[in-house]
Each structure stands twice: as structure tokens, then as C-alpha cells.
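To start, the structure under review is shown below, and the notes come after it.
Just so it is clear, none of the values below were taken in a lab; they were calculated from the coordinates. On a predicted model such as this, the values are computed, not experimentally measured, just so you know. Every residue, glycine as well, gets a Cβ built from its backbone with ideal geometry; the counts of neighbours run over all protein chains shown.
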Amino acid sequence: MATPPPNMTSAPTPAPQRGDRTTFSDRLDAFVTWISTAVVEFGALAANVYSNAVIAFDSATSATASKNTASTSESNAQAAALAAQTAAGLPPLPNAGQILKTEGVTNIITGATTLTANKSYEIDTSGGPFAVATPAAPNVGDWIVMTDHAGTWNVNPVTVTRNGKNIMFLAEDYIGDTKNATRLWTYINTTKGWAIK
């Protein structure tokens with residue numbers, strides 16, 4: 001931890017003047033005595049400045065090392081997430097390692113909507129069944145999460161239209177009719193289309 005600078009003794013005033021024959025000797029003695037003290041104090045000040053500079057340098061070095069460690073940890077986490085996806089047979093996602101979650105009230109869907117890739121949706125069919133469409137031009141690895149927001153899919157199913165892409169190898173739309181379900185959709189390729197988990 002840095003330390004405050006030491007106190008410095010002020011030079012005696014007034015300084016000795018040659019023309020002042022009466023007090024010259026006394027003022028000169030006081031000034032010479034102050035110089036001796038000042039030399040010691042300036043040495044202590046220089047040591048203090050050097051010590052604080054070393055502490056500041058060490059702190060900056062430590063902060064840089066911590067930043068590098070955090071960056072390495074993030075890279076390792078992303079690599080682990082990618083390895084887990086590969087082991088599960090999924091294609092690499094553009095945002096590997098990202099936590100999938102709903103993004104707030106703006107993603108509660110209560111009517112027909114074309115969904116956007118890489119977002120999570122709460123689909124509320126409490127007012128009646130309706131259809132949502134998958135993106136028309138998904139990229140390999142794009143994902144969508146759909147959740148039964150009100151627990152009413154079993155009564156009012158949501159239809160997910162395929163928008164020209166296969167769903168689990170089939171050229172058919174999907175009916176979500178399981179109460180409180182959450183489904184992760186991942187676009188695999190033109191043959192399989194959207195995979196559902």
C-alpha cells in the first residue's frame with residue numbers, strides 16, 4: 001500500500017543577508033542547521049517516491065496478470081462448451097457457451113409471429129391457439145428456445161410453421177401441445193433442418 005510523503009521542515013526566514021551584520025551569524029547558523037536537516041528529509045522523500053512508484057508498478061502488473069487470467073478462463077470455458085456441443089453431435093453455434101434465457105417481457109408472444117434466430121421466446125396461448133414461423137433463412141447453428149409461458153399448450157397448441165425448411169427431416173409443421181414444455185430448436189442443415197430437443 002502506498003504511503004504519504006514525509007513532512008518537510010521549512011527553511012528559516014528571513015535568510016541571512018551579508019549587509020545585516022547584527023544578525024548574520026545567527027541566521028547563517030540557523031540556515032546551515034536547516035540544510036543538514038533538509039538533506040535527510042529530501043532523502044526520505046526520494047525513498048518514499050521510489051517506494052510508491054514500485055507499489056504502483058506492481059499493482060499495474062498484477063492487474064494485467066489478473067486480466068490475462070480472466071481472459072484465459074473465458075477462452076477455456078468457451079472451448080469446453082464447444083467440446084460439449086461437438087460431443088453431443090451438435091454443430092458449433094456462433095455464440096458457443098452463451099447461456100440461453102428469455103430476454104424479458106418483449107419476448108412474450110401472444111399471436112402469430114415470425115421468430116428471430118438466437119433468441120428465447122415465451123409463447124402464451126392462453127388466449128387461443130396460433131402459429132409462429134421459424135426464420136426463413138437460418139444459418140447452421142442458429143437456435144431458438146420456445147417455452148409454454150402460461151402452461152396452456154395442451155389446451156391451445158402452438159403451431160410452428162417450417163417456413164420452407166425441414167423439421168427433424170420432415171417437410172411438416174410442428175405442433176407444440178405439451179403443457180409447460182420448453183423446446184430448444186437448432187438448425188442443423190438443409191436435410192435435417194431444425195432439430196428439436
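Distance from a point 7 Å along Cα→Cβ of THR23 to each backbone N in segment 35-70: keep the residues under 20 Å and list them by number.
Backbone N within reach: 35.
In a Gaussian network model over the chain where Cα atoms closer than 10 Å are linked, find which of ILE175, ILE167, ILE123 has the largest mean-square fluctuation.
Judging by the Gaussian network model, the answer is ILE175.
Provide the net charge surrounding TRP194, with neighbours chosen by a C-beta distance below 12 Å and charges set as Lys +1, Arg +1, Asp -1, Glu -1. Could you put the intermediate results ahead of the total?
Values: positive: ARG162, LYS165, ARG183, LYS192, LYS197; negative: ASP142, GLU172, ASP173.
Net charge in that neighbourhood comes out at +2.
Put +1 on the Cβ of each Lys and Arg and -1 on the Cβ of each Asp and Glu in the chain; which of SER59, ILE109, TRP34 then has its Cα farthest toward the positive end of the dipole?
Positive-most Cα among the choices belongs to ILE109.
Using alpha carbons only, how many angstrom separate the centre of segment 10-80 from the centre of segment 100-172?
Using only Cα atoms, the two centres lie 66 Å from each other.
Mind checking the dipole of the chain: about its Cα centre, +1 per Lys or Arg Cβ, -1 per Asp or Glu Cβ, Debye to the nearest 20?
Working: 12 positive and 14 negative charges, 67 e Å.
Result for the chain is approximately 320 debye, rounded to the nearest 20.
Under 22 Å from the Cα of LYS179, which lysines turn up, not counting those fewer than eight places away in the same chain?
Answer for LYS179, where 22 Å is the Cα cut-off: LYS101, LYS119, LYS197, listed by chain and number.
Which ³J(HN,Hα) values, rounded to whole Hz and listed in residue order, are derived for segment 180-190 from phi using the Karplus coefficients 6.51, -1.76 and 1.60 in 6.51 cos²θ - 1.76 cosθ + 1.60 with θ = phi - 60°, glycine and proline given as x?
My calculation for segment 180-190 gives 6, 6, 10, 10, 9, 9, 10, 7, 8, 5, 5 Hz in order.
If I take R0 = 45 Å and measure r between the Cβ atoms of THR116 and ALA83 in this structure, what FRET efficiency does the formula 1/(1 + (r/R0)^6) give, to the nearest 0.05? Write down the numbers at each step before the final one.
On the way: r = 28 Å, r/R0 = 0.62.
FRET efficiency, THR116 to ALA83: 0.95.
What is the set of long-range amide H partners of THR152 at a cut-off below 5 Å, with H atoms built 1.01 Å from backbone N?
Amide H to amide H, under 5 Å and 5 or more residues apart or across chains, THR152 pairs with THR125, ASN180.
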